[in-house]
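What follows is a single structure, and I will ask about it in a moment.
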Amino acid sequence: MSWLPKSPKARRRLWVVIAAAPVLALAVGLSLWAMRDNVTYFYSPSEVTVEKVPAGQMIRLGGLVEAGSVVKSPDGSVRFTVTDNAASAVVHFKGDLPDLFREGQGIVAQGRYTPDRTFEATQVLAKHDETYMPREVADRLKETGEWRPESGSYTPSEK
């Protein structure tokens, strides 16, 4: 075989590399396959469709808490609506909300959609100071033209 090196030492190295490459490729492939369920994608309410986000898939939903939509139940659960001013999504959360959670606030909720398309949140995150907004929410507001960079907030669209 003319493509093999002439030196026995170099030939041994080549065979070690040829034998190790498939094992390494298999290890990388299995690692990536095992981590596929640990990836959590971010969506805004206008991007969420049944085709993109089937019921039961873990995602992060971000936007602004719609004014007048927060309803607290005696059992400790909260229902509210998250909007990106193009679409809205109903979120149900049972647990303690962040101290800075309020209407008009930028939030990110992590959870799953139920078959009736209600978002069941397992975690709710709110901004921590006056200038912070989750990067994904800010990007979506910039795309829709509702971002005011001088104040770090949004401008509701007139619809």
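The values are calculated or read from the model by the stated rules, or taken from the named source; none is laboratory data. Computed from a prediction, not measured in an experiment: that's the story for all the values here. With ideal geometry, Cβ positions are generated from the backbone for all residues, glycine too; neighbour counts draw on all protein chains shown. We work out accessible area using only protein heavy atoms, side chains counted, and drop any ligands, DNA or RNA first. Shrake-Rupley method; radii C 1.70, N 1.55, O 1.52, S 1.80 Å.
To keep it simple, each residue is scored yes or no on (1) of a type outside the set (Lys, Arg); (2) touching a residue at least 12 places away in the same chain (Cβ under 8 Å).
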position: 2; (1), (2): yes, no
position: 6; (1), (2): no, no
position: 16; (1), (2): yes, no
position: 19; (1), (2): yes, no
position: 26; (1), (2): yes, no
position: 42; (1), (2): yes, yes
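Please enumerate the residues belonging to region 105-119 that are open to solvent by 30 Å² or more (accessible area, probe 1.4 Å) and small (Gly, Ala, Ser).
Answer for region 105-119, where residues must be open to solvent by 30 Å² or more (accessible area, probe 1.4 Å) and small (Gly, Ala, Ser): there is none.
State yes or no: is residue 52 open to solvent by 60 Å² or more (accessible area, probe 1.4 Å), among the basic types (Lys, Arg) and in a loop (DSSP other than H, G, I, E, B)?
yes
Continuing with this model, one more query. Considering (1) assigned to a strand (DSSP E or B); (2) surrounded by 15 or more Cβ atoms within 10 Å (Cβ to Cβ); (3) among the hydroxyl-bearing types (Ser, Thr, Tyr), say which one residue 122 fails and leave the rest.
(2)
Take the conditions touching a residue at least 40 places away in the same chain (Cβ under 8 Å) and of a type in the set (Ser, Thr, Tyr) and apply them to residue 49. Does it pass?
Here the answer is no, as residue 49 does not meet what is asked.
Separate question: Kindly provide the set of residues from region 29-45 that are over 16 Å from residue 58 (Cα atoms) and surrounded by 10 or more Cβ atoms within 10 Å (Cβ to Cβ), ordered by number.
29, 30
Considering only residues that are in a strand (DSSP E or B) and among the aliphatic types (A, V, I, L, M), look in region 84-103 and name the one that is most open to solvent (accessible area, probe 1.4 Å).
90
Report yes if residue 25 is open to solvent by less than 60 Å² (accessible area, probe 1.4 Å) and at pLDDT 90 or above, otherwise no.
The answer is no for residue 25.
Go through region 55-83 and report how many residues are at negative phi, open to solvent by less than 60 Å² (accessible area, probe 1.4 Å) and in a loop (DSSP other than H, G, I, E, B).
Qualifying residue count, region 55-83: 5.
Cβ-Cβ distance below 7 Å, separation of 6 or more or different chains: which pairs start in region 91-108 with a residue that is touching a residue at least 40 places away in the same chain (Cβ under 8 Å) and end on one that is surrounded by 14 or more Cβ atoms within 10 Å (Cβ to Cβ) and among the basic types (Lys, Arg)?
These pairs meet every condition: 105/127; 106/127; 108/60.
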